[in-house]
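Worksheet for the structure shown next.
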């Protein structure tokens with residue numbers, strides 16, 4: 001799992017670099033050489049979407065998703081445990097269904113491509129499939145951890 005997580009972080013860093021580099025290159029090409037890059041905005045948007053979807057699993061693993069822990073801390077420990085298990089179970093089901101839907105969509109559109117960039121549809125939808133599959137896996141790991149420890153997570157408030 002640690003190799004997969006390190007690979008995911010590396011991919012996200014590459015996507016972030018591409019997200020920064022693409023508009024910068026567009027500015028240089030247009031401003032200096034007076035030759036705009038066709039599709040640069042769409043490509044930057046793709047990198048942003050891919051970064052968001054692929055990075056969501058790491059954010060979930062690190063506890064960065066909105067949890068409303070202050071509200072949960074007001075609940076009795078038993079109810080908090082049940083609520084946390086329910087939320088994590090819902091996350092597994094929802095992200096799993098989205099991964100299946102993405103896989104079905106890709107399989108039914110293998111010969112199609114996007115209009116502007118003429119990118120193969122499978123490549124365009126791959127971040128959704130991979131991101132949802134990884135979110136399903138991380139949510140399942142959190143659910144298993146919560147059930148094994150038989151108690152809800154402690155409230156953690158980070159002030160910056």
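Any read-out appearing in this document is the output of simple, stated calculations on the displayed coordinates, not a laboratory observation. For clarity, every value in this text was computed on a predicted model and none was experimentally measured. Here the Cβ positions follow ideal geometry from the backbone for every residue, glycine too, while neighbour counts run over all protein chains shown.
Calculate the spin-label point distance for residue 89 paired with residue 13, positioning each point 7 Å from the Cα along the beta-carbon direction, and give it in nanometres.
Simple spin-label model gives 3.9 nm for this pair.
Can you work out D for region 1-83 in µm² s⁻¹ from Stokes-Einstein, where Rh is the Kirkwood radius over C-alpha pairs, the temperature is 20 °C and the viscosity is 1.002 mPa s?
Details: Rh = 15.7 Å.
The Stokes-Einstein estimate is 136 µm²/s.
Could the peptides 60-73, 128-141 be put in order, highest first, of the mean number of other beta-carbon atoms found within 10 Å of their residues? Don't skip to the end; give the middle numbers.
Numbers: 60-73: 12.9, 128-141: 20.9.
Peptide ranking by packing, descending: 128-141, 60-73.
Within 10 Å, count the other beta carbons around each residue, average over each peptide in 75-83, 95-103, and list them highest first. Don't skip to the answer; put the middle values down first.
Numbers: 75-83: 13.2, 95-103: 16.9.
Top of the packing list down: 95-103, 75-83.
When N is the residue count of region 73-160, what does its C-alpha Rg come to as a fraction of 2.2 N^0.38 Å? Walk me through the intermediate numbers first.
On the way: Rg = 18.2 Å, N = 88, 2.2 N^0.38 = 12.1 Å.
Normalised Rg, Cα atoms only: 1.51.
Students often check this: by mean Cβ neighbours within 10 Å, which of 104-114, 44-54, 12-22 ranks highest, and how do the rest follow? Don't jump to the answer; show the numbers that get you there.
Working: 104-114: 12.4, 44-54: 18.9, 12-22: 15.6.
Result, highest mean first: 44-54, 12-22, 104-114.
Of all the C-alpha pairs in the chain, what % are more than 19 Å from each other? Working shown, then result.
Values: 8242 of 12720 pairs.
Result for the distance tail: 65 percent.
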